[in-house]
Amino acid sequence: MHAPEANPVLMLAAAILVGSQACRPCHPAIADAYAQTPMARSSGPAPALPTAGFTAAGHRYKISGNTLAFDQAGTAPIDYFVGSNSEGRTYLQSSDGHLFELPVTWYARRAAYDASPGYQNNPDVQLNRAVEPSCLLCHASQVRPVLGTQNRYGDPPFLEGGVSCERCHGPGSEHVRNPASSRMVQPAQLPPDRRDSVCAQCHLTGEARIENAGRRLAEFQAGDRLADFATYFVWKLGRTDLKVTSHVEKLAASRCKAASGDKLWCGTCHGVHGNSSRTQQACLDCHQTAHRQQEQCADCHMPKTRAVDANHGVMTDHSIPRTPRTPLPPVAGDLVAFLGQADSRSLGIAYAEMGDPRARDLLRQARPADWQLRLRLAVLETDPARAAALYESVLKERPGETAALVNLGAFYGAAGQSARAIELWRRALDSNPGNEEATLNLVKLLPRAEAKAVLTRYLSINPGSRSARSAVANF
């Protein structure tokens, strides 16, 4: 039997995170330079904002201080931000520790506010989009999710704003205790797959990212192999348009990467401890006779292109095209693994997330039948009793899984088992009080006073909901 490859940084096994402030006493110059980079400034408590406004999808929004107001006479607090502001910054609200994305983003290139990505065509003002831990992991450090909930966090939700030193160098407690005997991870010195995993944890998007059975991306540490934690899928025929964090797969598609192999990686061009760029020198190292050497190669060959998933956001095209090209949407076809193992389980879950009918057969034959697989099978199951049994099995392992709670509650509600439905929908709102489906289902079964309290709580999070306001009008 082939034993799994050992992590070359074994001395970090017992180390814990201590925060970037522990690095500064010994590395003040690096710490000061890094603090000015976009990665170090990618999240934090929201400052008081100057008064401004914008209109999106027919709705008028106004920002002032730490409050967002909109044309349906509703308001929401602006509590946190994500985004470095080099391209943009999106804002979040907190409600009893539950985080929700607000429909307001500052777009740096336009120097203006507008709807956050995905909100620009919403017919209603929506303030209940849950910010799950996977959303925060690439923007903040030492994220503190509350176990058994979808989007609740400790106070504060993260202990360090931005990407910490330890995200790329590993937990630092043992190194701080005894620097001589416990070294930190140096990404450039790792084998290529582990080196590239450090960057890919946040700069690889793909079309679907499926965690491996029994593994969590939140447990990944510098020095690990990302493929041991998740499989990343891309379209077999590729895509020429750009996503916000598609840097890794775009670079892999470039002729430069194909010719250079493992020699070319993110660190070839990026000096991550500061805002310096080594791109021009990297180009000239391979292209000594390049034309127009007095100009910046990247200006033409790494053009700034609008990202399809970022509204007005513009990102650098790392596919390094030889000549400018018109970005086209992908041709849907077969998914293939860019990183990781494309087995029936991972591929079935990926197709299920996309609503592709190929998912059902793949999932039915896949092993292990872990909770993630069973959850997708339950959604696809046409027999209500079999679907309910699958949801019940998921909740035995994941009692706060919101989708299972809401859908199983609907099964019991339709079967006339109101008490069981009420219990499940209450649990769903404990996990995520911004879930509109659970809210509206619950108020139909509760006594008048309790139903009104549930609606009031929901409207404090999402006051723009027409359905919830209509339900309140009936009381």
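Values for this structure:
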read-out: Flag for THR268 being hydroxyl-bearing (Ser, Thr, Tyr) and under 30 Å from PRO117 (Cα atoms); value: no
read-out: Helices (runs of 4 or more DSSP H) lying entirely in the stretch 356-399 (those with 2 or more residues that are assigned by TED's automatic domain parsing to the domain that holds LEU424 and among the small types (Gly, Ala, Ser)); value: 384-397
read-out: Elements of type strands (runs of 3 or more DSSP E) in the stretch 290-341, at least 1 residues being modelled with pLDDT under 90; value: 304-306, 314-316
read-out: Residues that are surrounded by fewer than 19 Cβ atoms within 10 Å (Cβ to Cβ), closer than 13 Å to PRO433 by Cα and of a type in the set (Val, Ile, Thr), drawn from the stretch 443-475; value: THR456
read-out: Search result, residues across the stretch 191-220 that are closer than 18 Å to GLY267 by Cβ, buried (at least 19 other Cβ atoms within 10 Å of the Cβ) and touching a residue at least 60 places away in the same chain (Cβ under 8 Å); value: ARG194, ARG195, ASP196, CYS199, ALA200, GLN201, HIS203, LEU204
read-out: Filtered residue count, the stretch 431-443, keeping only those that are part of a helix (DSSP H, G or I), within 25 Å of the chain's Cα centre (by Cα) and polar (S, T, N, Q); value: 1
read-out: Single match in GLN21, GLN36 (criterion: exposed (fewer than 14 other Cβ atoms within 10 Å of the Cβ) and within 24 Å of GLY154 (Cα to Cα)); value: GLN21
read-out: Condition met for LEU446 (assigned to a helix (DSSP H, G or I) and either touching a Lys or Arg at 6+ places or on another chain (Cβ under 7 Å) or free of Cβ contacts under 8 Å to residues at least 40 places away in the same chain (or both)); value: no
read-out: Filter result for VAL185 (more than 30 Å from TRP265 (Cβ to Cβ) and touching a His at 6+ places or on another chain (Cβ under 7 Å)); value: no
read-out: Total residues in the stretch 144-160, condition of a type outside the set (D, E, K, R), more than 17 Å from SER431 (Cα to Cα) and surrounded by 20 or more Cβ atoms within 10 Å (Cβ to Cβ); value: 1
read-out: Residue check, LYS250 out of contact with any His (no Cβ under 7 Å at 6 or more places or on another chain) and of a type in the set (D, E, K, R); value: no
read-out: Residue in the stretch 179-193 that is of a type outside the set (A, V, I, L, M) and at positive phi present; value: no
read-out: Some residue of the stretch 343-354 being surrounded by 22 or more Cβ atoms within 10 Å (Cβ to Cβ), of a type in the set (A, V, I, L, M) and in contact with a Gly (Cβ under 8 Å, 6 or more places away or on another chain); value: no
read-out: Where a residue in the stretch 254-271 is over 21 Å from THR240 (Cβ atoms) and acidic (Asp, Glu) and its partner, wherever it lies, is surrounded by fewer than 19 Cβ atoms within 10 Å (Cβ to Cβ) and modelled with pLDDT of 95 or more, with Cβ under 7 Å and at least six apart; value: ASP262/PRO192
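The values are calculated or read from the model by the stated rules, or taken from the named source; none is laboratory data. On a predicted model such as this, the values are computed, not experimentally measured, just so you know. Every residue, glycine as well, gets a Cβ built from its backbone with ideal geometry; the counts of neighbours run over all protein chains shown.
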